[in-house]
Amino acid sequence: MFTRTHRTARREWGRGLCPQNGVSQQRPSTCRLGASLAFLMLVVVLMLARPIAAADIAEARALVSQGDYEAALQTASDAIAANTYGEDWWLLKAEMEQTLGRYSDAKTTLEGALAKYQWSIRIRARLRDAARFSGDATLAAAQVPAILEQVKASAWRYSDAESLLTLGGVSLELGVDAKTVQDAFFRRAQRNYPRNAGGALALGGLALTKRDFALAAETFQAAVQTFPQEPAAHYGLARALDSSDREAALAALNRALEINGRHIPSLLLLAEDHFDAEHYDEAKGTLQQVLDINPVHPLALALLSTIAHLQNDSAGETELRTRALSTWDANPEVDHLIGLNLSHKYRFAEGAAHQRLALQFDADYWPAKKQLAEDLLRLGEEAEGWQLADEAFQRDGYDVALFNLVTLRDELEKFRTLEDEQFVVRMEATEAAIYGERVRSLLHEARDVLCTKYGLQLDGRTTVEIFPNPDDFAVRTFGLPGAGGYLGVCFGDVITANSPAAVLIPTNWESVLWHEYTHVVTLNLTANKMPRWLSEGISVYEERQRNPAWGEKMNPAYRRMIAEGHVTPIRDLSGAFLAPESPLHLMFAYYESSLVVEHIVAIYGFESLKLVLADLREGITINDALERRVAPLDDLQVGFDASVQEQLAAYAPGADWSDPFEMLSPSASPEAWRDWIKANPGNVAALTTYAQMLINGRQLDEARDILKQAVKLNPTAGGPDSAARLLATVYRQLGDTANERELLLHCVQHDSGAFDASLRLIELATEAGDWQAVHGHAVQALAVNPLVPQPHRALADSAEQLNLPDEAIAALRSLLVLPHDNAAELHFRLARLLAAQGDSIEARRQVLMALEQAPRYRDAQALLLTLVRSNTAMEEKE
């Protein structure tokens, strides 16, 4: 570690510098007096000149902040030509030359600067970069050792802010502990030089590299308050907030570009936003702005190469990558960035290949090693993936995503694995025992149905991991906890999902897995070369094909969005997933995407959809594939818009969809609502609100009549807040079980997450002795929440009555895992079923466990006696 030596600097100016010319040294000579006077005059001049120079350099730096790089370069060049003292001018000149892509000029400038300021570690650090991008690897490699030698010899020189920041950067490259660097260099620079933005920017940048976005956001928030005109602070804030608050991130990015419209890091981030939204023309336009500043900017060219790859322009991809490496042919960041952005498009295999190329350039380039580990884990190549994750974590224990990932592995090792030739399913052990086989059964059904339907021959196994802890799911999926709103994610051959224990709102886990397995099929069909909207649209469409109650369907909220013009054009649909205004807008993007797919299939045929997928696999862009197999995008848009309007008109056509709360407060009196409804009898929202008031006032007959009117107006609504659900509650309170049952059946037909309705239907069907209905409702309930005993008990009871012993056995085994207070009965019933199937050994074990719980259980005693006699008879016969 570099330390500061506390000592006084002593400079011995002019020892023996004056030529004697035969003059005696016994007393001060005229020459010596002249030299002393000259030295004093020089000191005075320097002292007077220093504030002016500081002011001049500040003005030049202001030009940089405003994006006038050419003017800043000219100012620095003029200062150097005028022999203005200070390394800052040389560094500014070189910085501007590098910014403008003039790397050889920068190298020449810095070599000249180093001859003049040999002690400057800042010059050497920048020279290292300039030499790299000028093809002088030898010169570049010499700079860090030289910096270390200089600091070792004269540590006292390097306590200014810029030197501390330089030493911090070098220390990080050398693998010094990040917290040590943070405290010894970056915080020290911030503390000692609070008017210098560098310390705050370095601290925020360090947090970003460690993927500690919360800390980065906090740091940059403070920085933008202190340095409001510093574009780098606003840019850093945008990056920190990008994954958590898109609106605030875009605001910060826009502010950075308002200050400096040519701020290259901000332009690159904006281009990445366009790239993520699949707005490739806009991304190219933004990247061209970067290239107008620096024609050989490696990261701009790398992103353009990635776009060319995605657009099946192999020649352009190669040419752009070659240009990106033209200045530094071993630059690992080029392939790392290409691979990273390919992985963002779920092209993990191609992304991993580029990370390997980056590591060929620099085997210790840790960003590539980290990303390769994550890519491999998403590809299911777990042995190498975990090994790389371990290596990276040993090198960088402060990386938040790596720490989370390595910690998660300890949890995964506790999971139970259910595997066969086609699937590897990992679940928490207790959950696996309760419904693991139901998961496998559904996955096999999905494979059989969907692979056959789409003509896919899938040879490898699919890995499915189901997490009871939503933070564990988020870490496995995104690297960081707290990614709410996602039920499942598919990477191609790996699916991650939240278990029913992890979700707050009842959700049908079977529909989630069906949705994700559809992604397995379509991503394999296209080699992951499909836009987000089409991938999600097909998955939601296939949910509804499997079960009409699954998937997104028209509802009052979606109807309102369509009526208000919130339908996104097809060409922009992928962007609707990137930065939705609200969770509702995100769900509407899923729904709208499924409508596009439904429209294509209905008008052009399912085979056309399959041909589009085949074209995508060959690298044909989505617009070209649609034009070849379906219709030109503009024509498709016109037809789709008409289809959406037809669905809008067909949804509850007699209902009044105006917002009653614009006229009345929710707290208005029931009389006020009654009078308003008389004038607006078709308003479903008003009818439902008024009915709830009547229910609260125990006016059940009146509430029933109002709700019947609302259900008639909108018969397909069945969600938890629907009139149908309220009406079922009213019928129950009135003791009208026949109508209650009818309404509950209506609800479960339209809402696959209606768990409470399924449980109530189980009760009603059990009372009626309708075991077939009990069985069906139990299956429906288990598809939502298999972690409570009621549906398992109903399934066991109905399966026994319907002579379905295998289902009854599975249900009883699940009940024994769940909390229960009738263990003896469960073990006995299980033993009886097993005995009937001829499994006397397991039957005997179960009946003994029943007797262990209840020694006087006569039926269990009798069954044990029967089993013993049967076993004895068999032995005697043998």
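The values are calculated or read from the model by the stated rules, or taken from the named source; none is laboratory data. Every value quoted in this text rests on a predicted model; they were computed, and no experiment measured them. Here the Cβ is made from the backbone with ideal geometry for all residues, glycine too, and neighbour counts use every protein chain on show. Calculation scope for accessible area: heavy atoms of the full protein, side chains included, ligands and nucleic acids excluded. Shrake-Rupley method; radii C 1.70, N 1.55, O 1.52, S 1.80 Å.
For region 649-658, the criterion of being among the aliphatic types (A, V, I, L, M), closer than 25 Å to A563 by Cβ and surrounded by fewer than 16 Cβ atoms within 10 Å (Cβ to Cβ) is met by at least one residue. A Cβ distance below 7 Å, combined with a sequence gap of six or more or placement on separate chains, defines the contacts here; from region 606-624, residues that are farther than 18 Å from K345 by Cα and among the polar types (S, T, N, Q) reach residues that are modelled with pLDDT of 95 or more and part of a helix (DSSP H, G or I) in the pairs S608/I600; S608/R629. For region 137-168, filtered to residues that are of a type outside the set (A, V, I, L, M) and in contact with a Lys or Arg (Cβ under 7 Å, 6 or more places away or on another chain), the residue that is farthest from G198 (Cα to Cα) is Q143. Kindly indicate whether L299 is farther than 24 Å from W533 by Cβ, modelled with pLDDT of 95 or more, open to solvent by 20 Å² or more (accessible area, probe 1.4 Å) and not hydroxyl-bearing (S, T, Y). Judged against the criteria, L299 is a match.
Let's see how each residue does on (1) within 30 Å of V779 (Cβ to Cβ); (2) touching a Ser or Thr at 6+ places or on another chain (Cβ under 7 Å); (3) of a type in the set (G, A, S):
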{"residue": "I695", "(1), (2), (3)": "no, no, no"}
{"residue": "Q709", "(1), (2), (3)": "no, no, no"}
{"residue": "L713", "(1), (2), (3)": "no, no, no"}
{"residue": "G718", "(1), (2), (3)": "yes, no, yes"}
{"residue": "A724", "(1), (2), (3)": "yes, no, yes"}
{"residue": "R732", "(1), (2), (3)": "yes, no, no"}
{"residue": "A754", "(1), (2), (3)": "yes, no, yes"}
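For L172, the stated conditions do not hold, so it cannot be described as within 23 Å of S65 (Cα to Cα) and either part of a helix (DSSP H, G or I) or free of Cβ contacts under 8 Å to residues at least 40 places away in the same chain (or both). When we screen L442, L412, L379, L418 for residues that are within 28 Å of T518 (Cβ to Cβ), open to solvent by 30 Å² or more (accessible area, probe 1.4 Å) and touching a residue at least 12 places away in the same chain (Cβ under 8 Å), the only hit is L379. If you check S159, S163 for being outside any helix (DSSP H, G or I) and either surrounded by fewer than 21 Cβ atoms within 10 Å (Cβ to Cβ) or over 33 Å from the mean Cα position of the chain (by Cα) (or both), only one passes: S159.
Just to verify a result, which residue in region 389-405, among those that are open to solvent by less than 20 Å² (accessible area, probe 1.4 Å) and not small (G, A, S), is nearest to A216 (Cα to Cα)? Result: D399. Looking only at residues in region 95-127 that are of a type in the set (D, E, K, R) and either at pLDDT below 95 or out of contact with any Leu (no Cβ under 8 Å at 6 or more places or on another chain) (or both), the one that is least open to solvent (accessible area, probe 1.4 Å) is E95. A single entry from L743, L727 fulfils the requirement of being on the phi < 0 side of the Ramachandran plot, hydrophobic (A, V, I, L, M, F, W, C) and modelled with pLDDT of 95 or more: L727. Is at least one residue of region 579-588 hydroxyl-bearing (S, T, Y) and surrounded by fewer than 16 Cβ atoms within 10 Å (Cβ to Cβ)? Checked against the condition, which is being hydroxyl-bearing (S, T, Y) and surrounded by fewer than 16 Cβ atoms within 10 Å (Cβ to Cβ), region 579-588 yields at least one hit. When each of V630, V644, V684 is tested for being in contact with a Ser or Thr (Cβ under 7 Å, 6 or more places away or on another chain), open to solvent by less than 80 Å² (accessible area, probe 1.4 Å) and either among the β-branched types (V, I, T) or over 22 Å from R725 (Cβ atoms) (or both), the lone residue that passes is V630.
Restricting attention to region 650-676, the residues that are free of Cβ contacts under 8 Å to residues at least 24 places away in the same chain and either over 38 Å from the mean Cα position of the chain (by Cα) or assigned to a loop (DSSP other than H, G, I, E, B) (or both) total 14. Of Q749, Q709, Q733, all but one fail to be in a helix (DSSP H, G or I), open to solvent by 60 Å² or more (accessible area, probe 1.4 Å) and within 17 Å of P670 (Cβ to Cβ); the exception is Q709. Quick one: in region 714-730, of everything that is part of a helix (DSSP H, G or I) and not aliphatic (A, V, I, L, M), which residue is surrounded by the fewest Cβ atoms within 10 Å (Cβ to Cβ)? Looking at the filtered set, the residue picked out is T729. Residues in region 421-439 that are open to solvent by less than 60 Å² (accessible area, probe 1.4 Å), in a helix (DSSP H, G or I) and of a type in the set (D, E): E431 only.
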